[in-house]
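**Student:** Before I ask anything, here is the structure I am working with.
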Amino acid sequence: MTQADETDITLTAKDDASEQYLTFIMAEEEYGVDILSVQEIRGWEPTTVIPNSPGHVKGVINLRGTIVPIIDLRQRFGIASLEYGPTTVVIVIKVCVAGEHKVIGIVVDAVSDVFSVHHKDLREAPDFGEETDLTFIKGLANLADKMVILLDIDTLLSSEVLPEAAQLSNIINTIDAESTQAVSA
Amino acid sequence: MEIDLSQFSQVFFEESLEGLESMESELLKLDIASPDPEAINTIFRAAHSIKGGSGTFGFTQIANYTHLLETLLDEIRDGRREMTSHHQDILLLSVDLLRNMLDAVMHEKSFDDPMLGELEQKFAAELTQPIPQEQTPSEPEAPELTTWQITFKAGADILRYGNDPLLMFNELRQCGELGVELTSQEIPDFTQYDPEACYLAWSLTLTTDQPLARLKEAFEWVEDECDIDYQAQTQESAAPAIEAEEITPTPSQSDSQERTVSQAKPSVVSNKTQDAGSIRVSIEKIDLLINMVGELVITQAMLGQIGQQEEMTPESFITMKQGLEQLASHTRDLQESVMQIRMLPISFAFNRFPRLVRDIGQQLGKQVELILKGEETELDKTVMEKIVDPMVHLVRNSLDHGLETPEVRRQKGKPETGSLTLNAFHQGGNIIIEIIDDGAGLNTQKILDKARAKGLVGSDEELSEEAIHQLIFKPGFSTAETVSDLSGRGVGMDVVLRNIHELNGTIELKSTQDKGSRFTIRLPLTLAILDGQLVRIGRHTYVVPLVAIHESLEVPADHINRLGEEHEVIRLRDEYLPVLKVYEAFHHEADARQIKDGLVMVVDANNDKVGLLVDELLSQQQVVIKSLEDNYNKVAGISGATILGDGTVALIIDIAGLVSLAGINSTQEHAA
């Protein structure tokens, strides 16, 4: 009895050094996100399109009274997108961007599993040179003979909702508008 | 014992700001020739509690400064010094200064404003000035010694409240020579003795050169609980005795002061701009809400009972239908009363204007009478916060450009004192705020000349009077001949207009030369709900604020003209309006790609009319505004989102944003 308790304790102590990840499949690759940031998993439903938004922003949905943007992760990663069907899954994720909590949905092919990843099993992503921005990859993990790409979801999604990004596109818009005006004048 | 004072400091800040507000309004109302003693008392009380509170929290700078205020006020209160307009001025300046000081303390910044030193000197100068001659009987110029016989009978609870008579006596001792004699006959039998109560009384003899008020200060905190009697013993003059008589009714006097303070309180809500975090709601509104929730719970119980029945009988079906109807009506009522909570009377916005008008009037040498009407009109707190600045601007403008100096007014045969009216009332789901002056009105010729000089209007273009008035809302337009402190920098009316448009409101201007001007601001009562027109563009549904829509029409092909490659205009009666193809701006697919195939909705964009090309008009409905920025970003041309009856999201069009997105700008077209 006492012995069993002790083993339990040692187990939890070990678990402290690991984190749980929800993994999902996209184009035969398996990705993981910190399970604590996942709010819920839902089926795909039609969205309301946001005008002049980048292609991977599919629009917004009504999530029990909150307006939540939906992002297609395939398109975000530059993978050819699939036709959405009844099996298409949206993972609703809470992210923290510049101190503010935002709720964002990501479209993925399918949800796979939940894994505990020990810190010692985590490998850094290989360096592909300066051209490739991999800051949104937290690391790679080897789990049961397969590799899972662990995403830093805050960094990944912050580019969608950071005010600077919005300002930038506004600036570009105004420059465009001004140049068209100049032409018309 | 350690007490965390920080939890009380917020209360102190709120109360102090309230105190300053009431000080300010009392000061402004004050009739210098015969000041109302009650008003002086209110001002004194406010200064006094700020001093007390800041001392407690260790804000010595504020405490020291308010002490000066208090001393002056006390002399005025006791009738030893006459109120002058100079006093009024420095007291008003002090209100401003204290506000800044409080602000600095609140944000934990250090405060060093040269104003502080200046005002301190002014007070010092004022206080050292000999008190005017006619008052001499009560206060001889050379301070003379008076012997006071003070009987102090401590209230039974005095020790429980943490007041120690010894400390008070020590304070008295600083004023002069003090003799203390204890009277202890009140001590009861040992069996009835309450060890925490105080049964003692003292008779004190004090010889001092200090005024009575100084002595009273020592007992300030306990004067309500204890019997204190002051008797002057000098033969010298009768005056102190009179003073003493005046003092005897102190308890009742202070009672009535407190009553006025507490009467004033329910309507006073903490300073409007400085804190966005909290709101004070009247008990009445809360009670209404609680009632409503009670009703809701009853209805829920009723419906719950039906839900638990095994089978649905025709009777229970009817009861359920009734229950659902009740539920619907309660929900609606509840929604209304929740909205009510955010509603505040507009007097909170109006309150700052008496001061503003007085200061500006003085600065410009103009005599102005400010009339406030409809102060009880309620509107949403957030709307109020955002409308104050535009209103301040309009009032400044009216005073600076509108009202004339007394000489000019006399020449024009008008009364020397100009009038400025702020009026607020409800109309439909909107609040209307009017700013009316009886000044010079807009000089249409001057505006037109200026607009031509600036290239806003073509030199041969003739404009209707109304169109000329609209010119003042253009960016970079100001007719003031000299740039003054108040206005004339050319930023202004366009900012006012933009702020009002951000609130989904409109502004109109009516002006008659030499008769005056009237600005009418129309705002929605709340920012949470919007009257919207649903429109369809391709397979997308958008909401357009109803208040901005003038009309919608089909335009026959022969009324459409092209302007260059990009722009098309339509002829509507005798006007030409640019048309914005919404589907192009938003890069959507649409049924109607040509103006003649669709509907043109004539809307107001920055007080210019613009046509929006849409496919179809759907229903009109009230929509609850949701923010897109909470989870996403600001989107150009979109002001927010809403959820429609079927649960889908529709985006709300921001017309001004859409116009700039599409690059239609009629001002620039004029210039070109």
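**Student:** Condition test on B:Arg452, is it at pLDDT 85 or above and more than 31 Å from the chain's Cα centre (by Cα)?
**Tutor:** Working: at pLDDT 85 or above: no; more than 31 Å from the chain's Cα centre (by Cα): yes.
Answer is no for this residue.
**Student:** Is it the case that B:Asn64 is closer than 14 Å to B:Gly19 by Cα and of a type in the set (S, T, N, Q)? So that I can check it myself, show each step before the final result.
**Tutor:** Numbers: closer than 14 Å to B:Gly19 by Cα: no; of a type in the set (S, T, N, Q): yes.
Spelling it out, it is not the case that B:Asn64 is closer than 14 Å to B:Gly19 by Cα and of a type in the set (S, T, N, Q).
**Student:** Report yes if B:Gly598 is within 14 Å of chain A (Cβ to nearest Cβ) and of a type in the set (Gly, Ala, Ser), otherwise no. Steps first, answer last, please.
**Tutor:** On the way: within 14 Å of chain A (Cβ to nearest Cβ): no; of a type in the set (Gly, Ala, Ser): yes.
Answer is no for this residue.
**Student:** Within the range B:548-567, restricting attention to residues that are more than 43 Å from the chain's Cα centre (by Cα) and among the small types (Gly, Ala, Ser), which residue is farthest from the other protein chains (Cβ to nearest Cβ)? Spell out the reasoning first.
**Tutor:** The first filter runs over the range B:548-567 and keeps only residues more than 43 Å from the chain's Cα centre (by Cα), leaving B:554-567.
Still in the running and among the small types (Gly, Ala, Ser): B:557, B:564.
Working: B:Ala557: 22, B:Gly564: 5 Å.
Here the answer is B:Ala557.
**Student:** Which residues, counting only those in the range A:16-50, are under 30 Å from B:Ile537 (Cα atoms), within 17 Å of the chain's Cα centre (by Cα) and outside any loop (DSSP other than H, G, I, E, B)? So that I can check it myself, show each step before the final result.
**Tutor:** Taking the range A:16-50 as the starting set, the residues that turn out to be under 30 Å from B:Ile537 (Cα atoms) are A:42-50.
With within 17 Å of the chain's Cα centre (by Cα) added as a condition, the list becomes A:42-44.
Residues satisfying the conditions are A:Arg42, A:Gly43.
**Student:** Considering A:Arg123, A:Arg74, which residue is more than 28 Å from B:Ile653 (Cβ to Cβ) and surrounded by 14 or more Cβ atoms within 10 Å (Cβ to Cβ)?
**Tutor:** Working: A:Arg123 fails: surrounded by 14 or more Cβ atoms within 10 Å (Cβ to Cβ).
On inspection, the qualifying residue turns out to be A:Arg74.
**Student:** Of all the residues that make up the range A:56-99, how many are at pLDDT below 85 and within 9 Å of chain B (Cβ to nearest Cβ)?
**Tutor:** Total satisfying the criteria: 1.
Yes/no per residue for (1) of a type in the set (D, E, K, R); (2) in the same structural domain as B:Gln231 (by TED's automatic domain parsing); (3) at pLDDT 80 or above; (4) part of a loop (DSSP other than H, G, I, E, B):
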position	(1), (2), (3), (4)
B:Ala156	no, yes, no, yes
B:Tyr161	no, yes, no, yes
B:Glu177	yes, yes, no, no
B:Gln185	no, yes, no, yes
B:Glu196	yes, yes, no, yes
B:Tyr199	no, yes, no, yes
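**Student:** Inspect the range B:609-629 for any residue being more than 30 Å from A:Val103 (Cβ to Cβ), touching a His at 6+ places or on another chain (Cβ under 7 Å), in contact (Cβ under 8 Å) with a residue 12 or more places away in the chain and polar (S, T, N, Q) and give the result as yes or no.
**Tutor:** The first filter runs over the range B:609-629 and keeps only residues more than 30 Å from A:Val103 (Cβ to Cβ), leaving B:609-617, B:620.
Okay, now just the ones that are also touching a His at 6+ places or on another chain (Cβ under 7 Å), so B:609.
Still in the list and also in contact (Cβ under 8 Å) with a residue 12 or more places away in the chain: B:609.
If we keep only those that are polar (S, T, N, Q) as well, we get none.
No, every residue in the range B:609-629 fails to be more than 30 Å from A:Val103 (Cβ to Cβ), touching a His at 6+ places or on another chain (Cβ under 7 Å), in contact (Cβ under 8 Å) with a residue 12 or more places away in the chain and polar (S, T, N, Q).
**Student:** If you check B:Ile570 against the conditions, is it crowded, with 20+ Cβ neighbours inside 10 Å, more than 10 Å from chain A (Cβ to nearest Cβ) and over 19 Å from B:Thr541 (Cα atoms)? Before you say what the answer is, go through the steps one by one.
**Tutor:** Numbers: crowded, with 20+ Cβ neighbours inside 10 Å: yes; more than 10 Å from chain A (Cβ to nearest Cβ): yes; over 19 Å from B:Thr541 (Cα atoms): yes.
Against the criterion (crowded, with 20+ Cβ neighbours inside 10 Å, more than 10 Å from chain A (Cβ to nearest Cβ) and over 19 Å from B:Thr541 (Cα atoms)), B:Ile570 qualifies.
**Student:** Does B:Asp591 qualify as being over 14 Å from B:Glu554 (Cα atoms) and surrounded by fewer than 17 Cβ atoms within 10 Å (Cβ to Cβ)? Working first, answer last.
**Tutor:** Details: over 14 Å from B:Glu554 (Cα atoms): yes; surrounded by fewer than 17 Cβ atoms within 10 Å (Cβ to Cβ): yes.
Yes; evaluated as a whole, the condition is true for this residue.
**Student:** Another one. Only residues that are closer than 21 Å to A:Lys102 by Cβ and more than 10 Å from chain A (Cβ to nearest Cβ): list them for the range B:635-649, please.
**Tutor:** Answer for the range B:635-649, where residues must be closer than 21 Å to A:Lys102 by Cβ and more than 10 Å from chain A (Cβ to nearest Cβ): just B:Ser639.
**Student:** Considering the range B:609-622 alone, what residues qualify as being within 14 Å of chain A (Cβ to nearest Cβ) and not in a strand (DSSP E or B)? Break it down stepwise before answering.
**Tutor:** Step one: of the range B:609-622, the residues within 14 Å of chain A (Cβ to nearest Cβ) are B:612, B:614.
The answer is none; no residue qualifies.
**Student:** Separate question: Given the conditions (1) within 14 Å of chain A (Cβ to nearest Cβ); (2) in contact with a helix residue (DSSP H, G or I) (Cβ under 7 Å, 6 or more places away or on another chain), report the number of the one that B:Asn606 does not fulfil.
**Tutor:** In the conditions (1) within 14 Å of chain A (Cβ to nearest Cβ); (2) in contact with a helix residue (DSSP H, G or I) (Cβ under 7 Å, 6 or more places away or on another chain), B:Asn606 misses (1) alone.
**Student:** Under 6 Å between Cβ atoms, at least 6 apart or on separate chains: pull out the pairs that start in the range B:455-472 with a residue that is at pLDDT 75 or above and end on any residue that is in a loop (DSSP other than H, G, I, E, B).
**Tutor:** B:His469/B:Leu442; B:Gln470/B:Asn607
**Student:** Related question: When you scan the range B:356-427 for strands (runs of 3 or more DSSP E) that lie fully inside it, which ones turn up with 2 or more residues that are of a type in the set (Asp, Glu)?
**Tutor:** Fully inside the range B:356-427 and qualifying: B:378-380.
**Student:** For the range B:577-594, check the following and say yes or no: at least one residue is among the β-branched types (Val, Ile, Thr), at pLDDT 85 or above and assigned to a loop (DSSP other than H, G, I, E, B). Before the answer, list the steps.
**Tutor:** From the range B:577-594, those among the β-branched types (Val, Ile, Thr) are B:579, B:582; that's our starting set.
Then keep just the ones that are at pLDDT 85 or above; that gives B:579, B:582.
Keeping just the survivors that are assigned to a loop (DSSP other than H, G, I, E, B) gives none.
Checked against the condition, which is being among the β-branched types (Val, Ile, Thr), at pLDDT 85 or above and assigned to a loop (DSSP other than H, G, I, E, B), the range B:577-594 yields no hits at all.
**Student:** Quick check on the range B:623-634. Is at least one of its residues more than 13 Å from chain A (Cβ to nearest Cβ) and either at pLDDT 80 or above or in a loop (DSSP other than H, G, I, E, B) (or both)? Spell out how you get there, then give the answer.
**Tutor:** Going residue by residue through the range B:623-634, those that are more than 13 Å from chain A (Cβ to nearest Cβ) are none.
No: the range B:623-634 contains no residue that is more than 13 Å from chain A (Cβ to nearest Cβ) and either at pLDDT 80 or above or in a loop (DSSP other than H, G, I, E, B) (or both).
**Student:** Checking A:Ser53 against (1) in a loop (DSSP other than H, G, I, E, B); (2) small (Gly, Ala, Ser); (3) more than 9 Å from chain B (Cβ to nearest Cβ), which test does it fail?
**Tutor:** Against the list (1) in a loop (DSSP other than H, G, I, E, B); (2) small (Gly, Ala, Ser); (3) more than 9 Å from chain B (Cβ to nearest Cβ), A:Ser53 comes up short only on (3).
**Student:** Could you tell me how many of the residues in the range A:130-149 are at pLDDT below 80 and either farther than 11 Å from A:Tyr31 by Cβ or part of a strand (DSSP E or B) (or both)? Let's see the steps before the verdict.
**Tutor:** Restricting attention to the range A:130-149, the residues satisfying the condition of being at pLDDT below 80 are A:130-136, A:143-145.
Applying the additional criterion that residues be either farther than 11 Å from A:Tyr31 by Cβ or part of a strand (DSSP E or B) (or both) yields A:130-135, A:143-145.
Number satisfying all stated conditions: 9.
Each row is one residue, and each column tells you yes or no for (1) of a type in the set (Asp, Glu); (2) closer than 19 Å to B:Glu75 by Cα.
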| residue | (1), (2) |
| --- | --- |
| B:Gly19 | no, no |
| B:Glu26 | yes, yes |
| B:Lys29 | no, no |
| B:Glu38 | yes, yes |
| B:Thr42 | no, yes |
| B:Ala46 | no, yes |
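**Student:** Just to be sure I understand the filter: pairs with C-beta atoms under 6 Å, separated by 6 or more residues or on different chains, first member in the range B:359-385 and in contact (Cβ under 8 Å) with a residue 60 or more places away in the chain, second member of a type in the set (S, T, N, Q) and in a loop (DSSP other than H, G, I, E, B). Which pairs pass?
**Tutor:** B:Asp380/B:Thr526
**Student:** Please work out which residue is surrounded by the fewest Cβ atoms within 10 Å (Cβ to Cβ), limiting yourself to the range B:146-168 and to residues that are hydrophobic (A, V, I, L, M, F, W, C) and in contact with a strand residue (DSSP E or B) (Cβ under 6 Å, 6 or more places away or on another chain).
**Tutor:** Restricting to residues being hydrophobic (A, V, I, L, M, F, W, C) and in contact with a strand residue (DSSP E or B) (Cβ under 6 Å, 6 or more places away or on another chain), the top hit is B:Ile150.
**Student:** Sticking with this structure for a sec: State which residue is nearest to B:Leu523 (Cα to Cα) when the search covers only the range B:533-568 and only residues that are assigned to a strand (DSSP E or B) and in contact with a Gly (Cβ under 8 Å, 6 or more places away or on another chain).
**Tutor:** B:Pro545
The values are calculated or read from the model by the stated rules, or taken from the named source; none is laboratory data. The structure presented is a predicted model; accordingly, all values stated were derived computationally and were not measured. Note: ideal-geometry Cβ built from the backbone for every residue, glycine included; neighbour counts use all protein chains shown.
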